[in-house]
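The block underneath contains the structure these notes are about, expressed in structure tokens.
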Amino acid sequence: ARLDPEKKTIDAIETLTYHNLTGQPLSEFPFHLYLNAFQPTSTFMREVRMTGTRGAGPGSKWDPKHFGSITVKSFKVEGVGDLTSEMQFIQPDDHNPDDRTVFEVRLPKPVAPGADVQFEIAFHDQLPEVLERTGYKRDFFMVGQWFPKLGVWWHDAWNCHQFHSTTEFFADFGTFDVAVTIPQNYILGATGDVVSSVENPGGTKTVTFHAEDIHDFAWTASPRFTLVEDSWTGSAGTVKIHLLMSPGHLRQAGRYLHGLKGTLAYFDRMYGPYPYDRITVVDPPNGAMNAGGMEYPTLITAGTAWWMPEGLRVPELVVEHEFGHQY
């Protein structure tokens, strides 16, 4: 994946190997395109106008700065060829012809039980100004729900709903290897562990991540982050802690750490060990509150303000809450 910070776009190639563990042959495969929810006639925006959403009340008018999209440039299947022309947008929930948050592809030959199929998908993202925990604010980027994501075979059927204003994301667990190319002066945080970081000609760098047994991958980048590192040791070993603090908030890093370590200890004692060896906490900058309060595997977004008094436990509450979701 390559970020263009001026155009607020991402260009990427996704190679997905799907193991057919369903016990039956599969020929139809539905995919989420979540970023297409951020368009004026999508089902998500229709629902927002009726009921409101984070940062916008009922009856809110469409603001073009929140436009987002994900465009599949090519869709290939190993051993089959290019099936881009076979992609069909579907609307399984409300039949809204203007909603493009789910597409489906039918393979000419079913994938047998126990067999694998490999997809290669080239795609282009246009990020919105931050909305529903995704997008940009100035030179801050919170990149979530940004790649074509296969539905989940569940209860003998595909579960692959459109993006609604009142539902959560749902995906299979798997192994992720992701290489992100950004400007060299940007600080990057993401799901998983850093495998390598290589500086490229032209002022960019490529950072590669690896993560196993997770159901999603999200990342954030900004040249203004201050990285604060710490660790906590529990019953399953040491957990590395990475805080990405935004300008004006650095003095509250200790509050995040205190809340996170206390939560790790409590959950370890009450429910069982945290199953990963790292946790990244993203502190969104001023004006990007809509990026806060979200959970992804090994990465959560928090939230505070420069004026936050000690007695108002918002930073601690958000960290505890989102870690609980992530756990």
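Restricting attention to region 114-128, does a residue exist that is more than 20 Å from the chain's Cα centre (by Cα), among the small types (G, A, S) and assigned to a loop (DSSP other than H, G, I, E, B)? Yes, some residue in region 114-128 is more than 20 Å from the chain's Cα centre (by Cα), among the small types (G, A, S) and assigned to a loop (DSSP other than H, G, I, E, B). Filtering region 2-56 to residues that are outside any helix (DSSP H, G or I), open to solvent by less than 60 Å² (accessible area, probe 1.4 Å), of a type in the set (A, V, I, L, M) and under 23 Å from E104 (Cα atoms) leaves I10, A12, L16, L26, L33. If you check I90, I121 for being β-branched (V, I, T), in contact with a Phe, Trp or Tyr (Cβ under 9 Å, 6 or more places away or on another chain) and open to solvent by 20 Å² or more (accessible area, probe 1.4 Å), only one passes: I90. Show the residue pairs meeting these rules: Cβ distance below 7 Å; 6+ apart or different chains; first residue within region 191-209 and within 19 Å of L244 (Cβ to Cβ) and at pLDDT 95 or above; second residue open to solvent by 40 Å² or more (accessible area, probe 1.4 Å) and part of a loop (DSSP other than H, G, I, E, B). The qualifying pairs are K205/Q184.
Quickly run through region 97-111 and pick out the residues that are over 18 Å from V77 (Cα atoms) and hydrophobic (A, V, I, L, M, F, W, C). Write out each step before concluding.
Of region 97-111, the ones over 18 Å from V77 (Cα atoms) are 97-102.
Across region 97-111, the qualifying residue is only V102.
Restricting to region 272-308, and then to whatever is surrounded by 18 or more Cβ atoms within 10 Å (Cβ to Cβ) and among the acidic types (D, E), can you tell me which residue is farthest from E132 (Cα to Cα)? Among residues in region 272-308 that are surrounded by 18 or more Cβ atoms within 10 Å (Cβ to Cβ) and among the acidic types (D, E), the one farthest from E132 (Cα to Cα) is D283.
Given the criteria more than 19 Å from the chain's Cα centre (by Cα), open to solvent by 20 Å² or more (accessible area, probe 1.4 Å), of a type outside the set (A, V, I, L, M) and closer than 19 Å to E129 by Cβ, does S60 qualify? Yes; evaluated as a whole, the condition is true for this residue. Among residues that are surrounded by 15 or more Cβ atoms within 10 Å (Cβ to Cβ), among the basic types (K, R), at pLDDT 95 or above and not in a loop (DSSP other than H, G, I, E, B), K76 is included. Answer yes or no: is there a residue in region 104-118 that is without any contact (Cβ under 8 Å) to a residue 24 or more places away in the chain, open to solvent by 30 Å² or more (accessible area, probe 1.4 Å) and within 30 Å of K7 (Cβ to Cβ). Scanning region 104-118 turns up no residue that is without any contact (Cβ under 8 Å) to a residue 24 or more places away in the chain, open to solvent by 30 Å² or more (accessible area, probe 1.4 Å) and within 30 Å of K7 (Cβ to Cβ). Among the residues making up region 266-304, those that are free of Cβ contacts under 8 Å to residues at least 40 places away in the same chain and farther than 22 Å from A211 by Cα are Y266, R269, M270, G303. Among the residues of region 270-327, those identified as of a type in the set (A, V, I, L, M), modelled with pLDDT under 95 and in a loop (DSSP other than H, G, I, E, B) are A288, A305, M308, L312. F163 - would you say it is modelled with pLDDT of 95 or more, touching a helix residue (DSSP H, G or I) at 6+ places or on another chain (Cβ under 7 Å) and not β-branched (V, I, T)? So F163 fits the description; yes.
Go through region 229-269 and report how many residues are in a loop (DSSP other than H, G, I, E, B) and open to solvent by less than 20 Å² (accessible area, probe 1.4 Å). Even if it seems obvious, please write down each step before you answer.
From region 229-269, those in a loop (DSSP other than H, G, I, E, B) are 235-236, 246-249; that's our starting set.
If we keep only those that are open to solvent by less than 20 Å² (accessible area, probe 1.4 Å) too, we end up with 246, 249.
Number of matching residues: 2.
If you check G189, G135, G151, which single one turns out to be touching an Asp or Glu at 6+ places or on another chain (Cβ under 9 Å), small (G, A, S), crowded, with 19+ Cβ neighbours inside 10 Å and over 30 Å from D82 (Cα atoms)? Working first, answer last.
Values: G189 fails: touching an Asp or Glu at 6+ places or on another chain (Cβ under 9 Å); G151 fails: over 30 Å from D82 (Cα atoms).
Result of the check over G189, G135, G151: G135.
The values are calculated or read from the model by the stated rules, or taken from the named source; none is laboratory data. All figures in this text were calculated on a predicted structure; none of them were measured in a lab. Please note: Cβ atoms are built from the backbone with ideal geometry, for glycine as well, and neighbour counts cover all protein chains shown. Accessible surface areas use protein heavy atoms only, side chains included; no ligands, DNA or RNA. Shrake-Rupley method; radii C 1.70, N 1.55, O 1.52, S 1.80 Å.
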